[in-house]
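See structure below.
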Amino acid sequence: MQSDADLVRDALGGRPSAYGELARRWAPRVLAVCHSKVRRGGAAEDLAQEALLRGYAGLRTLSDPERFGAWLCGIAARACLDWLKAKARTEVPFSVLSTEEGVEGLFPGKDEGPRGVEQDDEVRRLLEEVEDLPEEYRKVIFLFYYDDMTYQEAAGVLGVSPATVNARLTKARAMLRQRLLTNARRHP
């Protein structure tokens with residue numbers, strides 16, 4: 001398998017399919033970065049695609065092909081910041097919808113019984129709590145669980161040590177556990 005740097009050189013040398021391979025490799029990580037920044041699935045997917053396109057268009061500006069992943073994740077972060085700064089956003093987060101507005105119809109094939117509804121509520125509550133975490137903890141949660149990265153891989157994307165990834169995951173889990181316990185006591 002070719003390295004990222006080799007694929008960058010191939011893409012710059014006139015083989016666009018090399019960038020396609022890079023995009024396939026990095027798309028999940030770019031999506032995780034976008035999701036951690038904007039906290040909305042649909043917007044994150046759109047922004048991830050935007051970042052991949054910006055990466056392709058700006059590939060000649062990459063000074064160190066060995067750092068392609070960090071460079072592309074930086075582009076994704078900037079695309080998200082641009083989106084967050086835009087004044088005219090009309091998307092509504094999924095979490096504000098209620099079942100009265102037809103949410104139950106959005107999950108075909110889900111268990112319609114009481115346990116299925118209870119699980120959906122638990123997942124929804126957990127995602128809401130993850131979305132409310134400070135960004136450094138939210139990012140590491142998405143990279144580790146959503147993108148299924150190792151500590152080493154997440155460390156590379158975030159530009160920190162694996163020990164820092166471990167510390168942030170530990171802190172994020174503790175924060176989530178505390179928030180979920182507090183909410184369970186308030187809403188038995």
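In region 129-149, which residues are of a type in the set (D, E, K, R) and either touching a Leu at 6+ places or on another chain (Cβ under 7 Å) or at pLDDT 80 or above (or both)?
Result: GLU129, GLU131, ASP132, GLU135, GLU136, ARG138, LYS139.
Here's a check for you: in region 1-52, which residue that is modelled with pLDDT under 90 and not in a helix (DSSP H, G or I) is surrounded by the fewest Cβ atoms within 10 Å (Cβ to Cβ)?
The selected residue is MET1.
Test of understanding: among LEU72, LEU12, LEU81, which residue is in contact (Cβ under 8 Å) with a residue 12 or more places away in the chain and closer than 26 Å to GLN152 by Cβ? Break it down stepwise before answering.
On the way: LEU12 fails: closer than 26 Å to GLN152 by Cβ; LEU81 fails: closer than 26 Å to GLN152 by Cβ.
Result of the check over LEU72, LEU12, LEU81: LEU72.
Check GLU112 against each of (1) in a helix (DSSP H, G or I); (2) of a type outside the set (A, V, I, L, M, F, W, C); (3) at pLDDT below 75 and name the one condition it does not meet.
(1)
Give region 137-184 a look and list any residue that's farther than 14 Å from ALA32 by Cβ and part of a loop (DSSP other than H, G, I, E, B), or say none.
Correct list: GLY159, VAL160, SER161.
Here is a yes/no grid of residues against (1) of a type outside the set (Ser, Thr, Tyr); (2) touching a residue at least 12 places away in the same chain (Cβ under 8 Å); (3) buried (at least 19 other Cβ atoms within 10 Å of the Cβ); (4) closer than 16 Å to VAL30 by Cβ:
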residue: ARG125; (1), (2), (3), (4): yes, yes, no, no
residue: GLU136; (1), (2), (3), (4): yes, yes, no, no
residue: PHE142; (1), (2), (3), (4): yes, yes, yes, yes
residue: VAL157; (1), (2), (3), (4): yes, yes, yes, yes
residue: VAL160; (1), (2), (3), (4): yes, no, no, no
residue: VAL165; (1), (2), (3), (4): yes, yes, yes, no
residue: LYS171; (1), (2), (3), (4): yes, yes, no, no
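The values are calculated or read from the model by the stated rules, or taken from the named source; none is laboratory data. All values derive from a computational prediction rather than experimental measurement. Here the Cβ is made from the backbone with ideal geometry for all residues, glycine too, and neighbour counts use every protein chain on show.
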